[in-house]
Amino acid sequence: MRERILDVALELFIEQGYDKTSLRDIAERLGVTKAAIYYHFERKEDILLELHLRLHAIGRDALDELESLQTAEAQMAAWPALIDGLIEQVIANREIFLVHVRNRSAFEQLGDDPRHLAEQDDLEDQVRRLLSNPDIPLAQRVRMTCALGAVVGALTSASNVFADVPDDELAKLMRDAVRDLTAPPRP
């Protein structure tokens, strides 16, 4: 039931916007009482936080996989496949990005939530550790950073700028662009 509440809330936040969606709207769409919603979520903000943490989970899975590799060489070799997987995950979850783009002020208010702060800090630390690893050549770290930024930037705007582009076509175009960014430096 908890996941269904999140899915329906996501649909309504896209259709109506976060501010215009009430817990009553979510309950009605689900065909349950508000009390059933309250059993899982005390406040609408808790639902928004859980949706935001889905984004964190996408990044965390990729970073955990990369950090599990023992050498810089292994991390560099795994980077293209990791970015491909990240592209697939983010495209599969475009709706969450769409809600994020359309409801920035609501998401900004989550900033003070201790759970959000801890998750955000952990993710940022993982990225920082990876991209500041002196065992990875600087040129490669810059390429990795550009690739990550390209994926996040393109997919953050994908809901508005590329909304009419089919998922598989967008994923292919993004992979091509990222391969260009991560290609070994020319002599």
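The values are calculated or read from the model by the stated rules, or taken from the named source; none is laboratory data. Values in this document were obtained by computation on a predicted structure and should not be read as measured data. Backbone-built Cβ (ideal geometry, glycine too); neighbour counts: all protein chains shown.
Would you pick out the residues in segment 44-81 that are of a type outside the set (A, V, I, L, M), in contact with a helix residue (DSSP H, G or I) (Cβ under 8 Å, 6 or more places away or on another chain) and modelled with pLDDT of 90 or more? Correct list: Lys44, Glu45, Glu50. Per the listing Gly85, Gly59, the residue uniquely assigned by TED's automatic domain parsing to the domain that holds Val165, surrounded by fewer than 16 Cβ atoms within 10 Å (Cβ to Cβ) and closer than 29 Å to Ser132 by Cα is Gly85.
In segment 92-109 there is no residue that is among the hydroxyl-bearing types (Ser, Thr, Tyr) and either in contact (Cβ under 8 Å) with a residue 60 or more places away in the chain or outside any helix (DSSP H, G or I) (or both). So, in segment 6-26, of the ones that are in contact (Cβ under 8 Å) with a residue 60 or more places away in the chain and not in a helix (DSSP H, G or I), which residue ends up farthest from the chain's Cα centre (by Cα)? Ranking the candidates gives Asp19 first. If the condition is being modelled with pLDDT of 85 or more and part of a loop (DSSP other than H, G, I, E, B), then segment 160-186 contributes only Pro166.
When each of Ile37, Ile47 is tested for being among the β-branched types (Val, Ile, Thr) and touching a Phe, Trp or Tyr at 6+ places or on another chain (Cβ under 7 Å), the lone residue that passes is Ile47. Checking each residue in segment 69-91 for being among the aliphatic types (A, V, I, L, M) and touching a residue at least 12 places away in the same chain (Cβ under 8 Å) picks out Ala72, Met76, Ala78, Leu82, Ile83, Leu86, Ile87, Val90, Ile91.
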